[in-house]
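What follows is a short report on a single structure.
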């Protein structure tokens, strides 16, 4: 089955290239989006095949990981059964079974080439996002680690050909095909265990950082478009500081916007244009307001269900970067991934699992 999948993907790429030359500009953009989705599928299939080979070796050579490997094999088996079930809905003309077919509908209202059975890879899921890394418990070491995580995502965005615009320290706007669909799985607490550069006795310290992912909605026909009212905002203009030459110190190009009802505040001094900085600040403030409302709804739901008050975010770490073992542990799927330095310093985030997808697989 795997060999068939890998033979089919290059053929789909060839079709997309041919169709793009014959399509309008809008269709070309749509096909390019679908091409990116195919690249993601191909990468994940290759990762699954690599893991199967790695598991077979570890099961024989590392008995201490036997239970962990057994659980991961069970997860892969559930994924295999799900793939087989989806294949049964797309039989071939000869009565055989194939992998989920590619829909071809030339001449329809939306001429597309998309994976027929995948709800996950849809163009409407693509959006720009605000990415922020905040230091948690751990003092200076937590701040150092938060900055390293931010640089990791910057390198990852470059690998994916995404536009990465730094707005403030450890705060950026990321835009590109599939940016939100991929980065939304990165949100949560990230723990690091290592010997800090400030430690003179060689002791391993534990620190914490938090990754925040806020989607930048477009707000067409969206009730959230009315979140910001001019009379509820205070806009302050001031001179920017930092790099940028003498220009930033002579003009009031930096902007700070405060939402008076909630006290939320954002400041942007990225560009030399005051209007561009104001537009970015308004986008970021709107995204934070939406996220604040979403968290409030979730807290209310938790109170209704459990009668508990308060957040347990500090206990809900999603990953641990364990330097002594040179591995990253994803606590959501109980998976250990080697090559920590390759992930953190080279920005190869695709080596890490996508836990929400694997959880959906397990429910089947």
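Residues 161, 346 in ascending order of nearby Cβ atoms (within 10 Å, fewest first): 161, 346. Neighbour counting of Cβ atoms within 10 Å sorts the residues 275, 163, fewest neighbours leading, into 275, 163.
Residue ranges 279-289, 164-174, 189-199 sort as 279-289, 164-174, 189-199 when ordered by packing (mean number of other C-beta atoms within 10 Å per residue, highest first). As a proxy for reagent exposure, 128, 273, 200 were ordered by neighbouring Cβ count within 10 angstrom, fewest first; the result is 200, 273, 128.
No value in this document is a laboratory result; all are computed from the given coordinates. No experiment lies behind these values; they were computed from the predicted model shown. Glycine gets a Cβ as well: all are built from the backbone with ideal geometry, and neighbour counts include every protein chain shown.
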